[in-house]
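Trainee: Please read through the structure below; I'll follow up with questions.
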Amino acid sequence: MARKESHDLAPDDRPYADTATTITPGVGTGEERADGPRVNAAARPQPAETDAAPPPRVLRAARAARLVVAELARRVWLYVWPSAAGRRNRAYLRERLVALPLLAVVAFGALGWAYSGVRDDSAYVRDRLAPALVGLANAKASLFIAQGEAEENLAEGRAAELSGLSERYRTRVARATQSLNQVTRSGALTVAEEQELRVVSALVVDYTGWIGRAQNHVADPVLRDAELTYARSMLCSTPVAVSDRQDRYPPCNPTVGSAATSIVDRVVGLERQLRERLADRAAWSGTVIVATVVCGVALVLLAAGLWRTVSFLRRRFRIRLSVPLAVAALPLLAVPLLTTDALLARHAQKEAVPVADALAQRTSPRTETIAEERPFDGPDPRAIEVLEARIDDGLSDGRLAFLDGVAPFVFPAGLVSAALAGGVLHSYRREYLVVARPGAVS
C-alpha cells in the first residue's frame, strides 16, 4: 500500500510537486517521466474549457466549405458575366445563349410577382378594406345618434306616444342596418368575422325592439327608463357615469375579451382587426424585399449583358445593331414605370393607415349630427364623409391609371424577351458554326 505524505500548498492552493515521494509500483496513477519518477497527473494544471480550440476536423471542413463556395461563386460570375477578351466566339455565344434568357426569366419573374402583390394589395385596400371601415364607422355613429334621438323623444312623454319617434331615429336605424349589410358584402371579412357581423345585425334588431317597447310604455316613466337602459346596455356595455347623464351622447368605452358582448364592443373589435390587416398590407414584407433585391440584381445584369452582347456582335461579327436583341430589350423600358407605380401604390397604402385610425377612433355622433344639421358649413376634418373622401382620393391617386391591368403581363413579357434573345443568339451561333465569317476569330 502506498505511503501517504502531507504536502505544503503553493500560492494557488496546489501542492508542490514532490519528486521524493515513494509510490508503490503498479499502484500509482501518475505517468512515467523520462527524467525521473512518476508525478500525479491530477496535480498538473489543465487548460480551461473556454480556451479549447476547435477540433482540426472542424477547421478543415470550414476551410473546404469556404473554398467550395468561393469557387462556385467565381464560376457563376464568370458564366453570367464572361469577358470577351481572348475568348472564342462560339464559347462566348454559348454562354450568352444560356445566361441572358435565364436572367430575363428571373428578373421579370421576380418583378411580376412583386408588382402584382403591390397592385393586389392596393386594390384590396381600395375596394374592400376601406369601404368596410367606412361602413362600420357609419353604423356605430348612426346607432349612437338613434339612441340619443330615442331618449330625447321618449322624454317628452305623451307627445312621443302620439307622434312616435322622430324621422332622424328611423333614418339612422335604417342607415346602420344598411351599413352593416354593405360591410358583409364588401368581401373584406373572414368567415369568423362575417359570423360576428351577423351577430351584430341580430343585436341591432333586438335593440330596436327594446326601443319600441320603451315607446309603448312611454306613459310609465319607471318602465320606460328601464327599457331604455337595457337598450343602451345592448349598445354599450359600460354604464353611463353620473357626470355624463345630461349629455346627449355620453361616452362609450368599448371592452375586450369575454366581456365584449355589446354592439359597440363587437364593432370596435372588427374595426381593430381590419386596421391591423390594413397595416400589414401597407408594410413591406420580407418576401417582397427579397424579390425586389433579386429583381434589381437580375435586371442590372440583364441590361449590362445585353449591351455587352450587342458590342461583341458589332466588334466580332460586324453587326452594327441586332434588331432582335433590341426588341428583346424593350421590356426593360417599362421597368421604371412599373417601379414608380409600385412605390406610389405602397405610399398611398401607408398614408391610408392613419386615416383609417382616425375613421375608427376620432369620429363621433356629435360631429355627424352637426354635419347633418349644418350642411353648408365648412367640412369637419373628423367627419366620416371627409375621411372617406381622403382614403378614396389617396388610394385612387396612388397609382398610374394607364398601367391598370398590366401586372399579369409582366412575367409573360419576360418570357418572350428570354425566348427572343435565346433564339437570335442560337441563330448567330449556328450560322457561325456552319459558315465562318471572313475575318472572324474562331
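The values are calculated or read from the model by the stated rules, or taken from the named source; none is laboratory data. In this text, all values refer to a predicted model and were calculated from it rather than measured experimentally. Backbone-built Cβ (ideal geometry, glycine too); neighbour counts: all protein chains shown. What goes into the accessible areas is simple: the full protein's heavy atoms, side chains included, and nothing from ligands, DNA or RNA. Shrake-Rupley method; radii C 1.70, N 1.55, O 1.52, S 1.80 Å.
Each row is one residue, and each column tells you yes or no for (1) open to solvent by 30 Å² or more (accessible area, probe 1.4 Å); (2) of a type in the set (Ser, Thr, Tyr); (3) within 32 Å of the chain's Cα centre (by Cα); (4) under 30 Å from Leu400 (Cβ atoms).
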{"site": "Leu301", "(1), (2), (3), (4)": "yes, no, yes, yes"}
{"site": "Trp307", "(1), (2), (3), (4)": "yes, no, no, yes"}
{"site": "Phe312", "(1), (2), (3), (4)": "no, no, no, no"}
{"site": "Arg316", "(1), (2), (3), (4)": "yes, no, no, no"}
{"site": "Leu321", "(1), (2), (3), (4)": "yes, no, no, no"}
{"site": "Ala326", "(1), (2), (3), (4)": "yes, no, no, yes"}
{"site": "Leu333", "(1), (2), (3), (4)": "yes, no, yes, yes"}
{"site": "Leu338", "(1), (2), (3), (4)": "no, no, yes, yes"}
{"site": "His347", "(1), (2), (3), (4)": "yes, no, yes, yes"}
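Trainee: Residue check, Leu333 against (1) more than 21 Å from Val355 (Cα to Cα); (2) in contact (Cβ under 8 Å) with a residue 60 or more places away in the chain, all met but one. Which one?
Mentor: Failed condition: (2).
Trainee: State which residue pairs qualify: first residue farther than 19 Å from Ala360 by Cα and inside the range 116-132, second residue open to solvent by 30 Å² or more (accessible area, probe 1.4 Å) and not hydrophobic (A, V, I, L, M, F, W, C) in any location, beta carbons under 6 Å apart, and separation of 6 or more residues or different chains.
Mentor: Taking only residues 6 or more apart or on different chains, the pairs are Asp121/Arg281.
Trainee: For residues in the range 211-270 being open to solvent by less than 30 Å² (accessible area, probe 1.4 Å) and of a type in the set (Ser, Thr, Tyr), which is nearest to Glu152 (Cα to Cα)?
Mentor: By that ranking, first place goes to Tyr249.
Trainee: Condition test on Ala291, is it farther than 29 Å from Ala174 by Cβ and in contact with a Phe, Trp or Tyr (Cβ under 6 Å, 6 or more places away or on another chain)?
Mentor: yes
Trainee: Another question about this same structure. Restricting to the range 195-210, and then to whatever is open to solvent by less than 50 Å² (accessible area, probe 1.4 Å) and not hydrophobic (A, V, I, L, M, F, W, C), can you tell me which residue is nearest to Val267 (Cα to Cα)?
Mentor: Per the stated criteria, the residue is Ser201.
Here's the yes/no breakdown for (1) crowded, with 21+ Cβ neighbours inside 10 Å; (2) in contact with a strand residue (DSSP E or B) (Cβ under 7 Å, 6 or more places away or on another chain); (3) within 28 Å of Ala110 (Cβ to Cβ); (4) without any contact (Cβ under 8 Å) to a residue 60 or more places away in the chain:
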| position | (1), (2), (3), (4) |
| --- | --- |
| Val386 | no, no, no, yes |
| Ile391 | yes, no, no, no |
| Ala419 | no, no, yes, no |
| Leu425 | yes, no, yes, no |
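Trainee: Please specify each residue of the range 172-215 satisfying the condition of being free of Cβ contacts under 8 Å to residues at least 60 places away in the same chain and of a type in the set (Phe, Trp, Tyr).
Mentor: Within the range 172-215, Trp210 is the sole residue that qualifies.
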